[in-house]
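The values are calculated or read from the model by the stated rules, or taken from the named source; none is laboratory data. Since the structure is predicted, the reported quantities are computational estimates derived from the model, not experimental observations. No Cβ is skipped: glycine too gets one built from the backbone with ideal geometry, and neighbour counts run over all protein chains shown.
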Amino acid sequence: MTLANYLVLAAILFTIGAVGVLVRRNAIVVFMCIELMLNSVNLTLVTFARATGTVDGQIMAFFVMVVAAAEVVVGLAIIMSIYRTRRSASVDDANLLKY
Amino acid sequence: MTQTLGAGEAVVFWVLGPIALAGALGMVFSRNAVHSALWLVNTMLAFGVFYVVQQAPFLGAVQIIVYTGAIMILFLFVLMLVGRDTSDSVVETLRGQRVAATVLGVAFAALVGAGIARATQDLPAGGLGNEGGPANIPAIAELLFTKYLLAFEVTSALLITAAVGAMVLAHIEREPDSRRTQKELSRARFLTSNHPQTLPGPGVFARANSVAVPAILPDGTRSEASLATGIEPEEPDQMRRPTGREELGSRDAALGTLDPAPLDGNDR
């Protein structure tokens, strides 16, 4: 096996996450799929860091993790406040701006 | 020039790769959101091992501590707050959306996977040398505080903003005097129900203290109020009760102040 195996695995996992975002209706599960996509990109960054022999890719993966943590905190707070007002965590029910 | 990796790493990859893949698929296909979270934990742990194998031990530790330790626990907290029974509806709101998404996903995976595999099949596995091993954390620290110092500082601003934003979003505004006092609460409890005290706990006076075991009242009957909701009540082996008197079930029988009753066996 070569380093390409890791990259292909990351691509497949990214796709699964993207399909999950499109298919699932529960806002929390959609968030988990986004986390999966971010993680697979991190795997790509770490693999390229190894290929180039520098630590820069690892630092970028580190920053991605920090941003993902901030995003999750705010996103889950938004989901909670939407749930409080609409009693639903489904992305189909938050459609007030549509009309 | 094709650089093949070591056999040990290949074993790790071919064991953990399918596990990560199964975790991702299980996350997308689970009906229950809690199961989705647990599948994702599976994938993230596999990723942590991948990072360690790929000469990033610091990131591997951060992955396991931050992602599986903190972020997924946050997900589970919110799932419990929101209620885990708010599962997905099976109804498709857009016709054919699921099929279209799957086709799109397979096509995208094939395109990107094939493209990456072709483009990077000669990727040299240069390796980080000492920086991928013991000197990994000093190397990261040096870059983080020199070349990426600005990004690092902006990150701190981002984190504090996210924390404040989450507090603002999750905060509930209450009127100053809207909270009911203890006196009002107890008055409401006595006026509205005929059961002012707490409900009997499960298993009290019974021979087991599982939540599934109903409490036994002094007269030997089961207390329906002690049954937990959502759990099938189970009947434990009860101690043999005295059978000498015809008023079995009276208060004396349970307290043992009856005449010694003839027992069938010597199980007392």
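Points worth noting:
- Verdict on A:Ile59 being among the β-branched types (Val, Ile, Thr), more than 7 Å from chain B (Cβ to nearest Cβ) and assigned to a helix (DSSP H, G or I): no
- Consider the range B:181-204 and keep the residues that are in a loop (DSSP other than H, G, I, E, B) and surrounded by 11 or more Cβ atoms within 10 Å (Cβ to Cβ). The one that is nearest to the other protein chains (Cβ to nearest Cβ) is B:Leu199.
- Just one of the listed residues (A:Ala70, A:Ala27, A:Ala49) is in contact (Cβ under 8 Å) with a residue 12 or more places away in the chain and over 18 Å from B:Ala37 (Cβ atoms), namely A:Ala49.
- The range A:81-95: number of residues that are surrounded by fewer than 18 Cβ atoms within 10 Å (Cβ to Cβ), within 7 Å of chain B (Cβ to nearest Cβ) and either closer than 16 Å to A:Ile34 by Cα or not small (Gly, Ala, Ser) (or both): 1
- Which listed residue, of B:Gly105, B:Gly127, is in a loop (DSSP other than H, G, I, E, B) and within 10 Å of chain A (Cβ to nearest Cβ): B:Gly127
- The requirement of being surrounded by fewer than 20 Cβ atoms within 10 Å (Cβ to Cβ), at the interface with chain B (Cβ under 7 Å from one of its Cβ atoms) and not aliphatic (A, V, I, L, M) is fulfilled somewhere in the range A:63-79, by at least one residue.
- For the range B:70-89, filtered to residues that are more than 9 Å from every other protein chain (Cβ to nearest Cβ) and at pLDDT below 90, the residue that is surrounded by the fewest Cβ atoms within 10 Å (Cβ to Cβ) is B:Asp85.
- Lone qualifier among B:Ala24, B:Ala37, B:Ala20, B:Ala46 - being in a helix (DSSP H, G or I), modelled with pLDDT of 90 or more and farther than 30 Å from B:Pro124 by Cα: B:Ala37
- Of all the criteria given as (1) within 23 Å of B:Pro134 (Cα to Cα); (2) crowded, with 17+ Cβ neighbours inside 10 Å; (3) more than 7 Å from chain A (Cβ to nearest Cβ), the one not satisfied by B:Val41 is (1).
- Near pairs, Cβ below 7 angstrom, 6+ apart or cross-chain, from the range B:56-75 (closer than 20 Å to A:Thr47 by Cα) to any residue that is of a type in the set (Ser, Thr, Tyr) and surrounded by 15 or more Cβ atoms within 10 Å (Cβ to Cβ): B:Leu59/B:Tyr51; B:Gly60/B:Tyr51; B:Gln63/B:Tyr51
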